[in-house]
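The structure under discussion appears below in the form of structure tokens.
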Amino acid sequence: MSRSGVITFKGAPLTLAGSEVKQGQTAPDFKVHYFEGGMKTISLADLKGKPTILSVVPSLDTAVCAMQTKKFNEQLANLGDKVNAVTISMDLPFAMNRFCGVEEIKNMRVGSDYQDRNFGTNWGTLIEELKIECRAVFVLDANGKIVHAEYVDEVTSEPDYDAALETLRGEL
């Protein structure tokens, strides 16, 4: 299944693979990769038990994606280990790790969907034309139910940080 024209990049319509994930549904499964002393994975099962924010970006190597990650990182500092926070993109795990070190990202983990694009397909965030993720934010309750879902209409625009963070805090 594909959804045409639901997002744009600099005004040009694009197609998202997969179905739209909506508030109220059980979160689809996924497996993303990160590097920490070796290759490791994060799956939906790893996130259960705490409220979770998933910040999806096209690439950490762009200004808006970097800003989104840094803003969420700052805002999540006072929540400590009460929540899970993961930034997901197609960037390679090594590049994501380097970015987090340089930018001092300590309150978010990173997960790369580069191997099989299962997150992008299962969550409806894979841009078919570009083979990268769109910009989106999801908040899950401790049981893995979606309580907030935002697909940002224009790839170069920022998400509604306040709405996502308010929902996340409401789950504590």
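Throughout, read-outs are computed from the coordinates displayed, never taken from laboratory work. In this text the structure is predicted, and so the values were computed from the model without any measurement. Counting neighbours? That spans all protein chains shown, and the Cβs are built from the backbone with ideal geometry, glycine included.
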At R0 = 45 Å, FRET efficiency that the Cβ-Cβ distance of Thr8 and Lys106 yields, to 0.05
0.85
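Taking R0 as 35 Å, what FRET efficiency do you get between Glu20 and Arg169 from their Cβ-Cβ distance, rounded to the nearest 0.05? Each step should come with its number before you reach the end.
Details: r = 25 Å, r/R0 = 0.71.
With a Förster radius of 35 Å, E is 0.90.
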Pull out the extension gain between Leu130 and Phe35, defined as 0.36 nm times the separation in residues minus the alpha carbon to alpha carbon distance; nm, one decimal.
31.8 nm
Would you count, across the range 2-170, every pair of lysines whose alpha carbons are under 21 angstrom apart, provided the pair is eight or more residues apart or spans two chains?
26
The ³J(HN,Hα) series, computed from each phi in the range 147-158 with the Karplus coefficients 6.51, -1.76 and 1.60 at θ = phi - 60°, rounded to the nearest Hz and given as x for glycine or proline, is 10, 7, 9, 9, 9, 6, 4, 10, 4, 7, 8, 7
Can you give the helix-only mean residue ellipticity at 222 nm for the chain, where every DSSP H stretch with n ≥ 4 adds -39500 (n - 2.57) and the sum goes over all residues, rounded to the nearest 500 deg cm²/dmol?
-7500 deg cm²/dmol
Note on the range 2-170, DSSP bridge orientation, antiparallel percent to nearest 5 equals 75
Compute the semi-axes of the equivalent ellipsoid of the chain, taking the square root of 5 times each eigenvalue of the Cα gyration tensor, and list them largest first in whole Å.
21, 18, 16
Highest mean packing first, using Cβ neighbours within 10 angstrom, the peptides 55-63, 18-26 sort as 55-63, 18-26
Taking the chain and dividing mean pair separation by its residue count, relative contact order in percent (alpha carbons under 8 Å, at least six apart):
32
